[in-house]
1. Of the residues Ala133, Ala201, only one is touching a Pro at 6+ places or on another chain (Cβ under 6 Å) and aliphatic (A, V, I, L, M); which?
2. Any idea which of Gly131, Gly156, Gly194 is in contact with a Gly (Cβ under 7 Å, 6 or more places away or on another chain) and touching a residue at least 60 places away in the same chain (Cβ under 8 Å)?
3. Kindly establish whether Glu200 is within 9 Å of the ligand (Cβ to nearest atom), open to solvent by 20 Å² or more (accessible area, probe 1.4 Å) and part of a helix (DSSP H, G or I).
4. Residues to consider are Asn308, Asn363, Asn343; find the one that is buried (at least 18 other Cβ atoms within 10 Å of the Cβ) and of a type in the set (S, T, N, Q).
5. Could you tell me which of the residues Phe351, Phe299 is open to solvent by less than 50 Å² (accessible area, probe 1.4 Å) and either over 30 Å from Ser151 (Cα atoms) or more than 16 Å from the ligand (Cβ to nearest atom) (or both)?
6. Filter region 257-274 down to the residues that are of a type outside the set (D, E, K, R) and not in a loop (DSSP other than H, G, I, E, B), then identify the one that is most open to solvent (accessible area, probe 1.4 Å).
7. If you take the residues of region 26-76 that are of a type in the set (S, T, N, Q) and in a strand (DSSP E or B), which of them is surrounded by the most Cβ atoms within 10 Å (Cβ to Cβ)?
Amino acid sequence: MVTEVIKTSELHKVDPVFGQMSFDNHEQIVFCNDKDTGLKAIIGIHNTVLGPALGGTRMWNYTSEWEALNDVLRLSRGMTYKSAITGLNLGGGKAVLIGDAKTQKTPELMLKFGEFVHSLGGKYITAEDVGMATSDMDLVRTVTPYVTGISESKGGAGNPSPITAYGVFMGMKAAAKYKFGSDILEDKVIYVQGIGNVGEALVENLSNEGAKVYVSDINQERLEEVRDKYSVNIYGGDNIYTEEMDIYAPCALGATINDFTINQLNTKIIAGAANNQLAEEQKHGKMLREKGIVYAPDFLINAGGIINVYAELENYDRKEIMRKTENIYNTTLEILKKADADNITTHQAAFNVAQARIDARKNEK
Ligand SMILES: NC(=O)c1ccc[n+]([C@@H]2O[C@H](COP(=O)([O-])OP(=O)(O)OC[C@H]3O[C@@H](n4cnc5c(N)ncnc54)[C@H](O)[C@@H]3O)[C@@H](O)[C@H]2O)c1
């Protein structure tokens, strides 16, 4: 497993694509360019053994092409294991568009991107990620059927974020059951870092259960809005990691669990929505284990969103979406126990189960 967060200045020191540290035997990497619309995109297809590679499109103002490539390699790989552990017949893929979504995203650019997705004949299916809205996917849908996450009015499953949050809530409860002997979160001190689409919905679930919720975000307006809506506390300090808490829920960016923060963390459980939370999977997974912090693997508990978009492909209904998402509780509990039994990190335990499913399908073929 090779998914370290690498300094941009280091990336160019190795071979351009297959030599990148985040390259993990990806099946296909497609570079897309269109002069007229200014489109510069990379589609990463990590693995299609279980099915077509499904994963969102992220638009981000990357500081270099190396950074964009590294991101798409890491994210597409993560999708492979997320779908595998969730029992979905999907492979892992992701796309990144290089540019500022606020100023450079145009309908023409999105349509051109859709044409590139279409040219892959269904091997890659897109959806929304950071910098994308449901309306963008609706636009892409006009040039290709290989897109999910479209509006409910157009036959899609709508916004996946509340379902993702519900899955995280289930995973968090399972971790509490494992660590505290009860999955009731009432009075538990929980810090939610990042109260965007998923973070807010998670706060709603937690405050309904009577948890003592603290929220942090770089957006002050959002903090006040969420505080007033759910009667939660705004974290007023300057280093969330040193605060004493029961549960830390990273719901903003990846790699917040790293050499620097692990030594400071004063929590019993980590369970959140962000992708790629561990800066280095093996090293930081082990460090958490040694500190006795229960880590609910990100790709396992944040799978609600992919369950939601998968419904568009398989035509299953809301009830089935909720059933599959609720099952994240059982899977998380099993993985935490398995990690103990096998004396490995929880991340490794989840990864092994996902990899075994992929290997079994490959052997069948
Ligand atoms: N939306 C989904 O269904 C889904 C599914 C799986 C995983 N995820 C992951 O969950 C995370 C959140 O997704 P989202 O859709 O809510 O995104 P979002 O963009 O709606 O919200 C992110 C929030 O984090 C805040 N933020 C950014 N940097 C921060 C920092 N340093 N400290 C505190 N807050 C900060 C932003 O201001 C924003 O409010 C992302 O990592 C995403 O990849 C989302």
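1. Ala201
2. Being in contact with a Gly (Cβ under 7 Å, 6 or more places away or on another chain) and touching a residue at least 60 places away in the same chain (Cβ under 8 Å) holds for just one of Gly131, Gly156, Gly194, which is Gly156.
3. yes
4. Result of the check over Asn308, Asn363, Asn343: Asn308.
5. Phe351
6. Phe260
7. Thr57
Each row is one residue, and each column tells you yes or no for (1) open to solvent by 30 Å² or more (accessible area, probe 1.4 Å); (2) farther than 30 Å from Leu109 by Cβ.
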{"site": "Glu128", "(1), (2)": "yes, no"}
{"site": "Arg141", "(1), (2)": "yes, no"}
{"site": "Lys154", "(1), (2)": "yes, no"}
{"site": "Gly158", "(1), (2)": "no, no"}
{"site": "Ala175", "(1), (2)": "no, yes"}
{"site": "Ser182", "(1), (2)": "yes, yes"}
{"site": "Asn205", "(1), (2)": "yes, yes"}
{"site": "Ala211", "(1), (2)": "no, yes"}
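The values are calculated or read from the model by the stated rules, or taken from the named source; none is laboratory data. Everything numeric in this text was worked out from a predicted model, so none of it was measured. Reconstructed Cβ throughout: ideal geometry from the backbone, glycine too, with neighbour counts over all protein chains shown. Quick note on the areas: whole protein, heavy atoms, side chains included, nothing else; ligands and nucleic acids left out. Shrake-Rupley method; radii C 1.70, N 1.55, O 1.52, S 1.80 Å.
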